[in-house]
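Chemist: Handing you this structure, nothing more for now.
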Amino acid sequence: MKFKMMKKKEGEILFDFYTVPNAKNKDEMIYCVRPVIQRTVTANDLATRIEKECTLTRADVKAVIEALSNHIANCLANGERVHLPNLGYFNLKLKSDVKIDPNKTKANHISYDTTGFTPDKGFNNQLINMAFRRCPLMHGKYPTKEKIVEKLKQFFDSGKTSFVRAHIETAFGVSRSTAHRIIKDLLQSGKIVNENTKRNPIYVKGPNF
């Protein structure tokens, strides 16, 4: 089993296709496109980057982000819309637990749904010239159990003793979520075991392999 990590160029957006049912023809599937998210940038990441560009410290930036989040939530809870220049507008979206009839739907049927965001034109303009490349991983395609066992046997027979989730992604050409499913199935069947911590797992051959 050949383990080779996927590489992405700086500023390059990986994309993939997925299917959804056609609302007009239930027997037909429509292809849509979406970006492949490889990691989540945290408040700590943003604070570290912003600290390098201004006089604010990392702690200052984190405190501002937390305060900003709280104040936006308070404004929305007061029925207000929030506009951050060069970023965009935040506003409430509501839902009803019954089919809406203006003459019958009461306040107790209405609840918070989510927060909407509409980006400013200037914010959008920063994103229009991105470079794109199709992700080489086959998202959502789950290999057969026979194929999984066959590749793992080849891997262990070659003298290697351990692997991590990212290796599964590349070896089988699947997404992170599919790799997690493969590992979960292998753990449950005893084909592999985690010899490290839960947060940083390292997998080795199990008793039922």
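The values are calculated or read from the model by the stated rules, or taken from the named source; none is laboratory data. It should be emphasised that the depicted structure is a prediction, and the values quoted were computed from it without experimental measurement. Quick reminder, even Gly has a Cβ in these numbers, built from the backbone with ideal geometry, and neighbours come from all protein chains shown.
Chemist: I'd like to check something: does the range 16-29 contain any residue that is touching a helix residue (DSSP H, G or I) at 6+ places or on another chain (Cβ under 7 Å) and not in a loop (DSSP other than H, G, I, E, B)?
Modeler: No, the range 16-29 contains no residue that is touching a helix residue (DSSP H, G or I) at 6+ places or on another chain (Cβ under 7 Å) and not in a loop (DSSP other than H, G, I, E, B).
Listed here are the residues, each with its yes/no results for (1) at pLDDT 95 or above; (2) under 30 Å from residue 205 (Cα atoms); (3) in the same structural domain as residue 185 (by TED's automatic domain parsing).
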| residue | (1), (2), (3) |
| --- | --- |
| 74 | yes, no, no |
| 77 | yes, no, no |
| 80 | yes, no, no |
| 88 | yes, no, no |
| 105 | no, no, no |
| 116 | yes, no, no |
| 157 | no, yes, yes |
| 160 | no, yes, yes |
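Chemist: I'm trying to understand the selection: among the residues of the range 25-61, which are surrounded by 10 or more Cβ atoms within 10 Å (Cβ to Cβ), among the charged types (D, E, K, R) and within 16 Å of the chain's Cα centre (by Cα)?
Modeler: Correct list: 34 only.
Chemist: Additional query: Name the residue that is nearest to residue 208 (Cα to Cα), counting only residues in the range 157-196 that are within 25 Å of the chain's Cα centre (by Cα) and among the acidic types (Asp, Glu). Show your work before the answer.
Modeler: Within the range 157-196, the subset within 25 Å of the chain's Cα centre (by Cα) is 163-188, 194, 196.
This time we only want the ones that are among the acidic types (Asp, Glu), so: 169, 185.
On the way: 169: 22, 185: 12 Å.
Among those that are within 25 Å of the chain's Cα centre (by Cα) and among the acidic types (Asp, Glu), it is 185.
Chemist: For residue 93, which of the numbered conditions (1) at pLDDT below 95; (2) closer than 30 Å to residue 19 by Cα fails to hold?
Modeler: Just one mismatch for residue 93, condition (1).
Chemist: Is one or more of the residues making up the range 139-149 within 24 Å of residue 200 (Cα to Cα) and among the acidic types (Asp, Glu)?
Modeler: No; the residues of the range 139-149 include none that is within 24 Å of residue 200 (Cα to Cα) and among the acidic types (Asp, Glu).
Chemist: Checking residue 102 against (1) surrounded by 10 or more Cβ atoms within 10 Å (Cβ to Cβ); (2) out of contact with any strand residue (DSSP E or B) (no Cβ under 8 Å at 6 or more places or on another chain), which single condition isn't satisfied?
Modeler: (1)
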